[in-house]
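Accompanying notes for the structure given below.
The values are calculated or read from the model by the stated rules, or taken from the named source; none is laboratory data. This is a predicted model, so every value here is computed, not measured. Ideal geometry is used to build each Cβ from the backbone, glycine not excepted, and the neighbour counts take in all protein chains shown.
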Amino acid sequence: MAKKTKDEPAPEEEPADEKEERRKRKDAKAAKKRQRLELEEEVQVLELALEKKRQRLELEAADEAVERKRKKEAKRAKKEAEAAEEAAAEERRERKEAKAQKKKKEAEMEEEEVDVVPKVPKASVQEAAPTGRTFKVFIGGLPSHVDEAMLKKDFAECGEISELLISRWPEDGSSRGMCFITWATEAAMRKCLAWHDVNYEGKYIRVEERKGVDKKDKPRGGGPSTKPPGCRSVAVFDLAPSVGEDELHEFFGKCGSVSNTRILKNRETGESRGIGFVEFEVTGATDQAVLLSGTSFAGKPIKVEFAKDAGDKGKGKGKGKSSDGTPSEKPDGCVAVVIRQMSTLVTEDDLWRLFSDCKSASNISILMDNNTFQSRGIAFVDFDDTTDTDIAVKKSGKLVCGQAVSIDYKMPK
């Protein structure tokens, strides 16, 4: 270091105010730096808080997505279960409707004034001994797959069968679930009657004695052996499918003044069942009409028989409700009721709801008009438990579709 000479001037001392000013600037700079550091620390704290919040929100969003997916899967599973239940309910409803439809057809046949038994091969090999009486039974409710051979084999244990006829639909020849068996002896018939309400091939069958004139005793080619008193109607069988009511009216108009005609039709297809009825204004015209049996009509030979007048339908034999509306005496083991005075608007669903507390209700059949396909205001309800018939008849007088119905025990035929 150079040695100062005497000639060099001594440094001037800094003024106090400048020194103070520099100190202040230095302090301000240091304060500004501290402030910046504090701000940076606050920013870091905020960024860390924001990062934690973002992570928390992402976790919550993930949880919500999982929950939404779970709810969506649960909702889809519920819809699938409901759809499966609806499909199963629809299948049960269709089976019930098919069963009810079959019952209706059987009931309609029983309600017809003229028994319709198409020609079928005889299952018998022997004629009954001439006793002046036929031992004949009616069997209803048979499964459709049962044929003559099966019936002959299964019922042979009762005794000797003289004749066996299965009633078939004229449209396709399928079984109507009914047959007629003529027995050689009364003892065989009595054994057969014991089959009533027995489970045969999966169905409970109805077996009843068939009394009256046997069809084979009627004159061939023409009406019944005895004309009903005052008869004004004939039944016409084996009609061609093309024959309508107008043609029927015109064909039989030569016998006398025709007041009404009708042709029975298949409820599902609307096609003719080959059976018609002609009502005349005078009874003498029916004598001329039955003489036309065997003649050709629309290219087919027809059969004509005397029939009960439509006005005779529904006339009782003293059975049923009394005049004061009280139910008739309950038959032993009764498992069915008859409903009358129904509105034409009543459906089977309405009746199922009416008898919802009768747990053993197994079938409901509403009788339908063959021409209009509308309700005839009459229905039958079958039960598995006879005590439910007591519950059912107590509902007589209740309103169904705005009209009070009459309910009574179904009397055996």
Boolean, SER322 is under 30 Å from SER396 (Cβ atoms), modelled with pLDDT under 75, part of a loop (DSSP other than H, G, I, E, B) and not assigned by TED's automatic domain parsing to the domain that holds SER360: yes
Failed condition for ASN370, given (1) surrounded by 16 or more Cβ atoms within 10 Å (Cβ to Cβ); (2) part of a loop (DSSP other than H, G, I, E, B); (3) modelled with pLDDT of 85 or more: (3)
Exclusive hit being assigned to a loop (DSSP other than H, G, I, E, B), modelled with pLDDT of 80 or more and within 30 Å of the chain's Cα centre (by Cα), set ASP332, ASP390: ASP332
Residue count, the range 335-345 (criterion: at pLDDT 85 or above and either hydroxyl-bearing (Ser, Thr, Tyr) or crowded, with 17+ Cβ neighbours inside 10 Å (or both)): 6
Given (1) at pLDDT 85 or above; (2) surrounded by 15 or more Cβ atoms within 10 Å (Cβ to Cβ), index of the condition MET109 fails: (1)
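Residue-wise test of (1) hydrophobic (A, V, I, L, M, F, W, C); (2) closer than 26 Å to GLY270 by Cβ; (3) at pLDDT below 85.
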position	(1), (2), (3)
VAL137	yes, no, no
ALA149	yes, no, no
LYS153	no, no, no
GLU171	no, yes, yes
GLY177	no, yes, yes
Members of the range 289-319 that are assigned to a loop (DSSP other than H, G, I, E, B), at pLDDT below 60 and under 20 Å from GLU245 (Cβ atoms): LYS308, ASP309, LYS313
